[in-house]
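S.K.: Shown below is the structure under consideration.
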Amino acid sequence: MSHSISIPEITKKLEYYCSYQERCHNEVIDKLKTFYLTSEERDTIIVHLIQENFLNEERFACSFARGKHNIKKWGKVRIVNELKFRNISKYNIDKALKEITPEGYLNTFYELAEKQWEFIKETNPQKKKKKFCDYLLRKGWESHLVFEKLNEITNDNE
C-alpha cells in the first residue's frame, strides 16, 4: 500500500495530537484510521506512543475525571459512563474517581444544586422539581444526592 504521507510523519502527527491534549486509545485509533495504514502499522505507532508516554490511559482517565468534574460540574455517574463508553478499564476508572475528593465532590454538588434551583424560573412547583432533578441527573449526580437536596430545598422554602 502506498502512503502519501510516511509512517514517521504520521507518528509525529500523532505525537502532537497526544501531547496537545490527553487522549484515550479509542481516539488515537480513530485518528489512525484516517491514514489508510495496515493494522501492523497502526499497532507499531500505538506501541511507540505508549512507550514514549504520549499515550497513557490512566493519565487520560484521571485528567478526564478532574476536568469534567471541575469544569463541567459532572457527577460520578456521568464520568464513569463516559469513561466506559471510551473503553477505559475499571482499574483506570477507579483511579480516576480518586482524583475527586469527597469534600470537593459534595461542595460542587451543593453549589450547583443551589444555583440551579434559583435559576429555574418555573412557577408550577411540580414542574420546577422535575426540571431540577432532570438537570442534576443528566449531569451524572447520584439520585440519592439529588432527592435529598430536593427535599432539603423544598422543606426550606415551604
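The values are calculated or read from the model by the stated rules, or taken from the named source; none is laboratory data. Note that the coordinates shown come from a computational prediction; the quantities given were computed from them, not determined experimentally. Neighbour counts run over all protein chains shown; Cβ positions are idealised from the backbone, glycine included.
S.K.: Starting from residues that are of a type in the set (D, E, K, R) and farther than 17 Å from residue 155 by Cβ, keep the ones in region 111-125 and report whichever is surrounded by the fewest Cβ atoms within 10 Å (Cβ to Cβ).
M.R.: 121
S.K.: Same structure again: Could we say that residue 108 is surrounded by 17 or more Cβ atoms within 10 Å (Cβ to Cβ), at pLDDT 95 or above and closer than 30 Å to residue 24 by Cβ here?
M.R.: When the stated conditions are applied, residue 108 passes them.
S.K.: Something else about it: So which helices (runs of 4 or more DSSP H) stay within region 7-80 end to end and still have 1 or more residues that are more than 19 Å from residue 92 (Cβ to Cβ) and without any contact (Cβ under 8 Å) to a residue 40 or more places away in the chain?
M.R.: 7-20, 25-33, 39-51
S.K.: So is residue 151 over 12 Å from the mean Cα position of the chain (by Cα) and at positive phi or not?
M.R.: No.
S.K.: Within region 64-76, can you find the residues that are out of contact with any Leu (no Cβ under 8 Å at 6 or more places or on another chain) and crowded, with 16+ Cβ neighbours inside 10 Å?
M.R.: 68, 69, 74
S.K.: Now for a different question. For region 126-138, which residues satisfy the criterion of being surrounded by 19 or more Cβ atoms within 10 Å (Cβ to Cβ) and under 17 Å from the mean Cα position of the chain (by Cα)?
M.R.: 136
S.K.: Say we look at region 18-44 and pick out the residues that are surrounded by 15 or more Cβ atoms within 10 Å (Cβ to Cβ) and farther than 18 Å from residue 87 by Cβ; which of these is modelled with the highest pLDDT?
M.R.: Out of the qualifying residues, it is 41.
S.K.: A follow-up question, please. Being closer than 20 Å to residue 30 by Cβ and crowded, with 19+ Cβ neighbours inside 10 Å narrows it down to one residue among 50, 100, 88; which is it?
M.R.: 88
S.K.: I'd like the full set of residues that are among the basic types (Lys, Arg) and either closer than 24 Å to residue 70 by Cβ or in contact (Cβ under 8 Å) with a residue 60 or more places away in the chain (or both), limited to region 113-158.
M.R.: 115, 138, 139, 149
S.K.: Output the number of residues of region 139-158 satisfying the condition of being assigned to a helix (DSSP H, G or I) and either surrounded by 14 or more Cβ atoms within 10 Å (Cβ to Cβ) or acidic (Asp, Glu) (or both).
M.R.: Residues flagged as assigned to a helix (DSSP H, G or I) and either surrounded by 14 or more Cβ atoms within 10 Å (Cβ to Cβ) or acidic (Asp, Glu) (or both) within region 139-158 amount to 10.
S.K.: From 91, 17, grab the single residue that is aromatic (Phe, Trp, Tyr), more than 14 Å from the chain's Cα centre (by Cα) and closer than 30 Å to residue 107 by Cα.
M.R.: Answer to the selection: 91.
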